[in-house]
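Single-structure report; data block below.
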Amino acid sequence: MAAAWPGEVVRLDRFWDPPLLEPERVRLYGPDTFCLVLAQKLGLHLVSPADDLLLNAPVDLLRRDLRLHPLEALSAQAFPLFAKSLVPKLFRSRAYPTWADLEDECRGLDPATPVLLSSVVEILAEARAFVLQGQVVTCSVYEGSAEPPEAFLSQAARLLDLPQTCVLDAALLPEGWALLEANATWGAGLNGCSPAAVVPCLELATRPSE
């Protein structure tokens with residue numbers, strides 16, 4: 001990505017103690033902790049999709065059951081289940097065979113922590129698209145073998161309430177393509193997408209705090 005960026009690229013090791021930078025000129029790209037800490041230090045706003053975006057998605061885009069429960073209510077659910085935290089990355093997003101497995105993973109979290117649950121599905125391939133102002137600008141299959149589902153993800157971008165830029169991931173199920181998740185542009189790997197096409201997305205993914 002650095003080779004495609006048209007401006008100066010500053011690589012930071014001590015990102016918790018950044019040098020003096022002009023917030024108006026800074027655009028962030030990197031892992032979550034790196035970007036979140038830098039945004040706070042530099043007075044920046046990171047553009048991200050809503051945490052509950054999938055809960056408001058049309059059922060025909062999801063192709064699976066999806067629901068939200070507090071952590072403390074999950075012992076009553078029928079496992080196996082795929083689980084992920086509503087607030088990203090509080091624990092590992094994956095299929096959990098039993099409640100005991102999930103309970104062990106989530107030890108120490110607030111019992112009221114909201115958790116997204118879905119039925120476990122067979123995934124044949126996975127794809128990623130970077131979206132800019134409601135339009136897919138680059139799309140690539142990064143797991144498995146399939147044609148990039150640009151038409152499907154373009155339809156999803158039209159139907160969803162998206163920020164100016166974000167990333168949409170799709171999974172190929174035996175029944176067809178399904179919307180897997182939405183991620184922030186500033187923290188998403190390219191996964192085979194065109195760096196040049198991602199540049200204008202990154203330009204809108206960070207802005208000075210108001």
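Taking only segment 28-71 into account, find how many residues are acidic (Asp, Glu) and more than 20 Å from residue 88 (Cβ to Cβ).
2
Just one of 126, 210 is of a type in the set (Asp, Glu), assigned by TED's automatic domain parsing to the domain that holds residue 3 and more than 20 Å from residue 54 (Cβ to Cβ); which is it?
Every option except 210 fails the conditions.
Checking the condition farther than 28 Å from residue 44 by Cβ, surrounded by 17 or more Cβ atoms within 10 Å (Cβ to Cβ) and within 17 Å of the chain's Cα centre (by Cα), which residue from 182, 129, 178, 157 passes?
After applying the criteria, what remains is 178.
Please pick out the residue among 104, 110, 52 that is of a type in the set (D, E, K, R) and in the same structural domain as residue 193 (by TED's automatic domain parsing).
On inspection, the qualifying residue turns out to be 52.
Any residue in segment 44-60 that is under 16 Å from residue 156 (Cα atoms) sitting within a Cβ distance under 9 Å of a residue that is assigned to a helix (DSSP H, G or I)? List the pairs, counting only those 6 or more apart or interchain.
Listed pairs, sorted by first residue: 50/56; 54/61; 54/62; 57/156; 57/159; 58/156; 58/159.
Take residue 181 and decide whether it is touching an Asp or Glu at 6+ places or on another chain (Cβ under 8 Å) and free of Cβ contacts under 8 Å to residues at least 24 places away in the same chain.
No; evaluated as a whole, the condition is false for this residue.
Looking at 168, 162, 116, 86, can you tell me which residue is under 16 Å from residue 56 (Cα atoms), surrounded by fewer than 18 Cβ atoms within 10 Å (Cβ to Cβ) and either within 17 Å of the chain's Cα centre (by Cα) or modelled with pLDDT under 95 (or both)?
On inspection, the qualifying residue turns out to be 86.
Being buried (at least 17 other Cβ atoms within 10 Å of the Cβ) and farther than 17 Å from residue 203 by Cα narrows it down to one of 57, 39, so name that one.
57
Within segment 43-61, count every residue that is over 15 Å from the mean Cα position of the chain (by Cα) and either part of a helix (DSSP H, G or I) or under 28 Å from residue 21 (Cβ atoms) (or both).
7
The values are calculated or read from the model by the stated rules, or taken from the named source; none is laboratory data. Given the structure is predicted, the values throughout are model-derived calculations rather than measurements. Every residue, glycine among them, receives a Cβ derived from its backbone with ideal geometry; neighbour counts consider all protein chains shown.
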